[in-house]
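Structure first, then comments.
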Amino acid sequence: MKLTNTLGRRLVDFAPLEPGHVRLYTCGPTVYNVVHIGNLRTFVFEDVLRRRFRARGDRVTQVMNLTDVDDKTIRGAQEAGLSLGEFTAKYADAFFRDIGRLNVEPAEHYPKATDHVPEMIEVIRKLEGRGHTYGSEGSVYFRISTFPGYGKLSGIDLEKTRRGDRVADDEYEKEDVKDFALWKAAKPGEPSWPSPWGQGRPGWHIECSAMSMKYLGEHFDIHTGAVDNIFPHHENEIAQSEGATGHPFVEVWLHAEHLIVDGEKMSKSKGNFYTLDDVLERRDDPAAVRYLFLSVPYRKKLNFTWEALGAAAAAVARIRSAAVRIDELASAATPPRPGSFPSEERAALFRSEFASGMDDDLNTPEALAAVFNYLRQVNAAVDDGSLDSDGARVARGALADADRVLGVLPGAPEVLSSEIEEKIAARNAARQRRDFAGADRIRDELGARGIVLEDTPGGTRWKKASGV
Ligand code: AMP
Ligand code: ZN
């Protein structure tokens with residue numbers, strides 16, 4: 001599998017360090033607000049990556065952190081008048097709901113920063129022992145001039161560094177090389193933890209070094225994020241991890257390009273800032289959103305427009321209707337005369353085209369083109385009667401395998417079931433109040449999402465509408 005390694009900026013032939021087991025760290029959300037569709041594009045890219053490894057037969061251990069303590073979460077909790085834990089739990093829930101709706105497979109671990117402060121202190125102590133740090137007024141900084149490899153990921157210009165120039169901010173200007181905080185002295189009214197340097201809290205970067213090494217080991221395969229993570233976040237992670245262990249940290253760094261809207265950066269002030277809820281309000285089709293993300297290679301900017309989303313929805317509908325036709329034929333009894341469509345051969349060709357698209361640096365549009373090319377042939381064979389039900393079962397298997405990576409079929413992922421149960425309960429309550437209009441509204445809302453309700457003497461049951 002070929003992948004573009006940001007470290008060294010080259011295409012590499014990927015093989016996991018431990019044969020058959022891919023260890024993957026994916027920077028997760030800062031849980032201070034609802035994630036936007038740009039964040040979600042990156043999470044879907046990482047999901048397709050893990051699904052592709054699994055389809056190839058590898059075991060995957062994926063870790064995604066939740067940043068639940070930093071400048072933004074602390075400020076947000078104070079403004080909301082909530083404890084940090086209460087405040088971040090709300091956004092962590094919203095995050096899991098969003099990735100569930102986009103049919104993202106769960107990672108093996110979702111560690112929270114606040115549960116790993118001792119591990120972070122341990123890494124800082126190792127750095128201290130190896131002479132990479134200095135303290136000032138209860139804070140601890142990483143002295144980048146002690147790490148000769150600093151800049152190897154981002155290609156940042158080290159000449160711009162001034163001795164002793166340091167920054168307490170976790171996110172600083174691109175091109176601005178500074179000694180960064182590993183540990184920040186406590187400020188009044190802010191959450192803090194005890195440490196060898198007094199009460200305080202960890203910097204942002206140290207969390208990913210500590211948690212990735214805890215769950216994946218000191219040297220692992222792949223670390224991902226979007227391009228904004230390259231500097232300073234990932235550059236600092238390399239300095240911290242390799243500074244602490246004295247050996248290489250990550251083999252391959254992958255970075256997704258950003259999602260933009262109508263050609264511009266998403267921003268609240270421009271009114272082009274969308275959450276998944278905003279998008280689904282206008283077009284209630286999460287599979288179309290997922291498809292749109294896959295229609296552009298991860299290393300290219302993705303320009304979100306309503307028109308592009310409409311085209312993605314039409315493409316998903318075409319895959320779905322082909323899947324339904326194949327399914328109907330596959331479930332029928334085999335006719336006496338076998339069909340002439342060379343189903344095994346065509347399916348094998350499709351599988352190999354799909355795989356080579358995916359393994360070409362995760363070229364998802366190429367893999368999707370293979371899907372449509374194949375479905376066109378199968379559809380034509382259904383039309384002219386040359387596909388028999390044995391052949392349809394072969395086609396059904398090939399399409400299902402491709403969708404194990406794509407994740408665009410079926411439209412309504414199982415993870416929605418608790419939400420559906422809640423809606424059913426609300427509808428039952430409405431019916432008991434004789435609020436039949438309210439009850440019908442809920443039924444229609446679920447219907448629009450492809451969920452059909454059936455009222456039986458034993459209670460209300462739900463199922464997915466056929467073809468969804
Ligand atoms: P954050 O919560 O800001 O740490 O972001 C979570 C993930 O989303 C990180 O990997 C970011 O690099 C990524 N990200 C942020 N903005 C965008 C964007 N506009 N498009 C794609 N990914 C993004
Ligand atoms: Zn990170």
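Taking the longest Cα principal axis of the chain as reference, the axis of helix 117-129 is set at about 50 degrees. The modelled label-to-label distance between residue 97 and residue 157, using points 7 Å beyond Cα along the C-beta direction, is 4.7 nm.
In this simple spin-label approximation, residue 228 and residue 432 carry label points 7 Å from Cα along the Cα→Cβ vector, and these lie 4.6 nm apart. Other residues lying with their Cβ under 12 Å from the Cβ of residue 128 contribute a combined charge of +3, Lys and Arg counting +1, Asp and Glu -1. Under 5 Å between amide hydrogens, built in the peptide plane, is the criterion, and for residue 176 it picks out nothing among residues at least 5 positions away or on other chains. Just check segment 1-160 against the gyration tensor rule for me: Cα atoms, a ≥ b ≥ c as the square roots of the eigenvalues, rounded for a/c under 1.5, and otherwise prolate or oblate depending on whether a/b exceeds b/c. In terms of gyration-tensor shape, oblate.
Each Lys or Arg adds one and each Asp or Glu takes one away; over the other residues whose Cβ falls under 9 Å from the Cβ of residue 398, this sums to +2. Against the longest alpha carbon principal axis of the chain, how many degrees, from 0 to 90 and to the nearest 10, is the axis of helix 84-101 turned? Result, in degrees: 30.
Projecting the Cα atoms of 27, 387, 405 onto the charge dipole of the chain (Cβ charges, centred on the Cα centre) puts 387 farthest toward the positive pole. Using C-alpha pairs under 8 Å with a sequence gap of at least 6, the mean separation divided by the residue count of segment 14-147 gives a relative contact order of 26 percent. Between residue 303 and residue 270, the contour length at 0.36 nm per residue exceeds the Cα-Cα span by 10.3 nm.
Could you tell me the calculated FRET efficiency between residue 75 and residue 340, based on Cβ-Cβ distance and R0 = 56 angstrom, to the nearest 0.05? List each step's numbers first, then the result.
Details: r = 68 Å, r/R0 = 1.21.
Working from the Cβ atoms, E equals 0.25.
Going from the fewest other Cβ atoms within 10 Å to the most, the residues 418, 386 appear in the order 418, 386. Cross-link reach is defined here as a Cα-Cα straight distance under 14 Å, omitting same-chain residues fewer than 8 places apart; for residue 72 the aspartates and glutamates meeting it are 169, 170, 171, 190.
Could you let me know the centre-to-centre spacing of segment 264-326 and segment 185-263, using Cα atoms, in angstrom? Their Cα centres are 30 Å away from one another. Whole-Hz Karplus values for segment 192-197 come out as 8, 10, x, 7, x, 9 Hz, taken residue by residue from phi with 6.51 cos²θ - 1.76 cosθ + 1.60 and θ = phi - 60°; glycine and proline positions read x.
Only one residue of 16, 80, 308 has its Cα farthest out toward the positive end of the dipole of the chain, where Lys and Arg carry +1 and Asp and Glu -1 on Cβ, and that residue is 308.
So which trypsin sites (Lys or Arg not before Pro) in segment 214-285 are both in a DSSP loop and have at most 14 other Cβ atoms within 10 Å of their Cβ?
Details: sites: 214, 265, 268, 270, 282, 283; in loops: 265, 283.
Answer by residue number: 265, 283.
Rank these for me by crowding, 206, 238, going from fewest to most other beta carbons within 10 Å. Please list the in-between numbers first.
Values: 206 30, 238 24.
By the 10 Å Cβ count, ascending: 238, 206.
Database remark: amide H of residue 260 closer than 5 angstrom to the amide H of 302, 303, 304 (H placed geometrically; neighbours at sequence offset of 5 or more, or on other chains; Pro and chain starts carry no H). Give the residue list of trypsin sites (Lys or Arg not before Pro) in segment 86-185 that are DSSP loop and have at most 15 other beta-carbon atoms within 10 angstrom. Hits after loop and neighbour filter: 130, 152, 162, 163, 174. The sum of -39500 (n - 2.57) across all DSSP H runs of n ≥ 4, divided by the residue count of the chain, sets its helix-only mean residue ellipticity at 222 nm to -14500 deg cm²/dmol.
With label points built 7 Å along Cα→Cβ from the Cα atoms of residue 2 and residue 176, find their separation and express it in nm. Distance between the two pseudo-spin positions: 3.9 nm.
Measuring between alpha carbons in the structure, the pairs from 178/265; 152/184; 2/300 lying more than 18 angstrom apart are 178/265; 152/184.
Rounded, prolate or oblate: pick one for segment 270-346, where a ≥ b ≥ c are the square roots of the eigenvalues of its C-alpha gyration tensor, a/c under 1.5 means rounded, and failing that, prolate if a/b is larger than b/c, else oblate. Prolate, since a/c reaches 1.5 and a/b exceeds b/c. Close amide H contacts of residue 60 (hydrogens built in the peptide plane, cut-off under 5 Å, sequence separation of 5 or more or a different chain): 22. In sequence order, segment 360-376 has phi-based couplings of 8, 6, 6, 7, 5, x, 5, 5, 5, 4, 5, 4, 5, 4, 5, 5, 4 Hz under the Karplus curve 6.51 cos²θ - 1.76 cosθ + 1.60, θ = phi - 60°, and Gly or Pro positions carry x.
Grab the beta carbon distance between residue 262 and residue 33, set R0 = 25 Å, and tell me the FRET efficiency rounded to 0.05.
On the way: r = 22 Å, r/R0 = 0.87.
So, using R0 = 25 Å, E works out to roughly 0.70.
Computed from phi, the 3J(HN,Hα) profile of segment 321-331 under the Karplus parametrisation 6.51, -1.76, 1.60 (θ = phi - 60°) reads 6, 5, 4, 5, 4, 4, 4, 4, 5, 5, 7 Hz, with x in place of Gly and Pro. Would any residue of segment 75-91 have its amide N under 17 Å from a label point 7 Å out along Cα→Cβ of residue 277? List them or say none. Once the point is set 7 Å along Cα→Cβ of residue 277, 80, 87-91 turn out to lie under 17 Å by backbone N, inside segment 75-91.
Which order results if 242, 190, 173 are arranged by neighbouring Cβ count within 10 Å, fewest first? Mind dumping the intermediate values first?
Working: 242 21, 190 17, 173 11.
The most exposed by this proxy come first: 173, 190, 242.
Does anyone have the angle between helix 417-432 and the longest principal axis of the chain? Alpha-carbon axes, 0 to 90°, nearest 10? The two axes meet at around 70 degrees.
Counting other Cβ atoms within 10 Å, keep those with at most 16, restrict to DSSP loop, and tell me which GluC sites (Glu not before Pro) in segment 265-345 are left. All intermediate terms of the calculation are to be shown ahead of the outcome.
Values: sites: 281, 307, 328, 344, 345; in loops: none.
Of the GluC sites (Glu not before Pro), not one in the loops of segment 265-345 has a Cβ with at most 16 other Cβ atoms within 10 Å.
Since every read-out is calculated from the coordinates, none of them should be taken as a lab result. All of these numbers come straight from a predicted model, not from anything done at the bench. A quick note on method: Cβ atoms are made from the backbone with ideal geometry, for glycine too, and the neighbour counts reach across all protein chains shown.
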